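See below for the structure under consideration.
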Amino acid sequence: MYSNDLIINVLKYIDSNIKQKISLDEISKIFNFDKAYIMRLFKKEMGITIIDYLNRMKIYNSLELLKNKNNTFLYVALKSGFYSQEYFSETFKKIMQVTPKDYQNFLFRKIKSDKEINLIIKNSLSILELKEKSNYYQRNKKPTIMVKVKKRY
């Protein structure tokens, strides 16, 4: 089964603009399709809503930034495409099931709870799998058929 060209283009747009504010209305205008149609097709093709995908890719970007202890949570939030530290922390907790601080503690081996460690590993893998699914989907485009045209002399 080949990927849908519209969804490939939406994924590429999101990847290229993840640090900007992206709205469904904006996506609808850019690709000249009804917002509800894009939302339905995206969910069908990717198995996740556009908003959830956007938030998970922003969290994906934040995981790398959290490796640096000197980065403040506000800095990480803004560099990951969030517009407030509060929304970043809330979204991070919802997706990762731990706070950004708990995640940093995990990175620097300050967490002792097996439950938290398992949650972090499970949810980190889930985000990585979604990123790989997106990459695979974009590569699985239907090949263009080349037609040879005979030249007339």
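The values are calculated or read from the model by the stated rules, or taken from the named source; none is laboratory data. These numbers were taken from a predicted model, which means no experiment stands behind them. Positions of Cβ are generated from backbone atoms using ideal geometry, with glycine treated the same way; all protein chains shown enter the neighbour counts.
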- When the range 82-115 is checked residue by residue, the ones that are more than 17 Å from the chain's Cα centre (by Cα) and closer than 19 Å to Asn17 by Cα are Ser84
- Only one of these is under 24 Å from Asn140 (Cβ atoms) and not polar (S, T, N, Q): Tyr13, Tyr75, Tyr83. Name it. Tyr13
- polar (S, T, N, Q) and touching a residue at least 24 places away in the same chain (Cβ under 8 Å) - does that describe any residue in the range 67-76? no
- Task: Could you please let me know if Tyr37 is within 21 Å of Arg139 (Cα to Cα), aromatic (Phe, Trp, Tyr) and either at pLDDT 95 or above or surrounded by fewer than 16 Cβ atoms within 10 Å (Cβ to Cβ) (or both)?
- Result: no
- Item | Test result for Lys12, in contact with a helix residue (DSSP H, G or I) (Cβ under 7 Å, 6 or more places away or on another chain), farther than 30 Å from Glu116 by Cα and basic (Lys, Arg) | yes
- Message: Just checking, does the range 48-65 include any residue being surrounded by fewer than 18 Cβ atoms within 10 Å (Cβ to Cβ), of a type in the set (Lys, Arg) and either in contact (Cβ under 8 Å) with a residue 24 or more places away in the chain or over 13 Å from Lys19 (Cα atoms) (or both)?
- Response: no
- Task: Inspect all residues belonging to the range 72-81 and state whether any of them is within 16 Å of the chain's Cα centre (by Cα), at pLDDT below 95 and over 17 Å from Ile22 (Cβ atoms).
- Result: no
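Working only within the range 28-71, note down all residues that are at negative phi and among the small types (Gly, Ala, Ser).
Matches in the range 28-71: Ser28, Ala36, Ser62.
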- Query: Of these, Glu64, Glu86, which one is closer than 19 Å to Leu128 by Cβ and out of contact with any helix residue (DSSP H, G or I) (no Cβ under 8 Å at 6 or more places or on another chain)?
  - Reply: Glu64
- Given the structure, is Ile121 surrounded by 13 or more Cβ atoms within 10 Å (Cβ to Cβ) and either without any contact (Cβ under 8 Å) to a residue 60 or more places away in the chain or assigned to a loop (DSSP other than H, G, I, E, B) (or both)? no
- Given (1) in a helix (DSSP H, G or I); (2) farther than 29 Å from Asp102 by Cβ; (3) more than 11 Å from the chain's Cα centre (by Cα), index of the condition Ser3 fails: (1)
- Among (1) assigned to a helix (DSSP H, G or I); (2) touching a residue at least 40 places away in the same chain (Cβ under 8 Å), where does Ile38 come up short? (2)
- Applying the selection to the range 66-103, what residues are among the charged types (D, E, K, R) and crowded, with 18+ Cβ neighbours inside 10 Å? Asp102
